[in-house]
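Visitor: Pasting in a structure now, in structure tokens, and then I'll have a few things to ask.
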Amino acid sequence: MNDTFEDRLLAELKAEIAAREVRAHTPRRRSVRTRVLAGAGIVAAAAAAVAVPLVAGQQTPAYALTKNPDGSINLKINEFRDPDQVERDLAKMGVHADITYLPLGKRCAYGRAPVVKGDRTSFAKKDLESKDPAVQARIRRATENLASSKAIRPKNGITIHPEFIEPGQIVMIEVNENPVEPDPGHPGVAWQFSGRLTEGPVKPCRVVDDPSAFDVGTATPPPGS
């Protein structure tokens, strides 16, 4: 399967809507306020995601942060450790971040943090489930203009654009590592990430299964990533 950045983003949108529909139809105690989705348009929160087929060698530092002339910041991860230190170093560069490392096939449960206004967009459920290439292309174009898609991009590792981050916003990034490192004879996804903006607060990660992660086993990243 050869998923693009937009394909993964669309999958995240569909997963979020499915999770919300389950919650909406699950009986709850009276003391808990149930959120109801009304109308044909469904509000979905986007999380930019991409699968990456290779990991750097063992002799390099765990990660590298580079400030570019245009003000953007490159985050390249070589070993999946010390996420707290990544957060501290990003803070020194003016970016408040929440970094989480997980095994491939796991993710944090939805609802960790509220979405930002710039990530709210309405798609009809029938459009999200449509197989029509024209409809899918229209949805992908819309996702490119979301706040999180502008601020967090799959280029040169992970590229953060502070100019699209409002004061008080937090960059949430989840990175998933494949414990079996791919090689030329056995290609596959070595790691993938998802990212979005939030104004917080951010709840602790509740780890849940993500079987769809393995659907991109032979994915290739978009150009320049």
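Visitor: Every residue in the stretch 45-84 that is among the small types (Gly, Ala, Ser) and modelled with pLDDT under 70, please. Give the steps one after another, and end with the answer.
Guide: Looking only at the stretch 45-84, we keep the residues that are among the small types (Gly, Ala, Ser), and these are 45-49, 51, 56-57, 62, 64, 71-72.
Within the stretch 45-84, Ala45, Ala46, Ala47, Ala48, Ala49, Ala51, Ala56, Gly57 meet the criteria.
Visitor: Still on this structure, please answer the following. Tell me, please, whether a residue that is in contact with an Asp or Glu (Cβ under 7 Å, 6 or more places away or on another chain) and modelled with pLDDT of 95 or more can be found in the stretch 178-194.
Guide: Scanning the stretch 178-194, I find no residue that is in contact with an Asp or Glu (Cβ under 7 Å, 6 or more places away or on another chain) and modelled with pLDDT of 95 or more, so the answer is no.
Visitor: Specify which of the listed residues (Val175, Val171) is within 20 Å of Arg196 (Cβ to Cβ), in a strand (DSSP E or B) and touching a His at 6+ places or on another chain (Cβ under 8 Å). Lay out the reasoning, then the answer.
Guide: On the way: Val175 fails: touching a His at 6+ places or on another chain (Cβ under 8 Å).
Exactly one residue qualifies, and that residue is Val171.
Visitor: If you don't mind, there's one more thing I want to ask. Scan the stretch 126-146 residue by residue and report those that are within 21 Å of the chain's Cα centre (by Cα) and either touching a residue at least 40 places away in the same chain (Cβ under 8 Å) or over 25 Å from Gly195 (Cβ atoms) (or both).
Guide: Leu128, Glu129, Gln136, Ile139, Arg140, Thr143, Glu144, Leu146 - these are the residues of the stretch 126-146 that are within 21 Å of the chain's Cα centre (by Cα) and either touching a residue at least 40 places away in the same chain (Cβ under 8 Å) or over 25 Å from Gly195 (Cβ atoms) (or both).
Visitor: In addition: Please state which of the following conditions Asp209 fails to meet, knowing it meets all the rest: (1) modelled with pLDDT of 85 or more; (2) closer than 27 Å to Asn78 by Cβ; (3) crowded, with 16+ Cβ neighbours inside 10 Å.
Guide: (3)
Visitor: For a quick check of your reading of the model, give me the residue pairs whose first member lies in the stretch 80-106 and is under 19 Å from Pro61 (Cα atoms) and free of Cβ contacts under 8 Å to residues at least 60 places away in the same chain, whose second is in a loop (DSSP other than H, G, I, E, B) and open to solvent by less than 30 Å² (accessible area, probe 1.4 Å), with beta-carbon atoms closer than 6 Å and at least 6 apart or on different chains.
Guide: Arg81/Ala62; Asp82/Ala62
The values are calculated or read from the model by the stated rules, or taken from the named source; none is laboratory data. The model shown is predicted, which means the values in this text are computed figures rather than measured ones. Virtual Cβ from ideal backbone geometry, glycine too; neighbours counted across all protein chains shown. When the accessible area is computed, the model is the full protein with side chains, heavy atoms only, and any ligands, DNA or RNA have been set aside. Shrake-Rupley method; radii C 1.70, N 1.55, O 1.52, S 1.80 Å.
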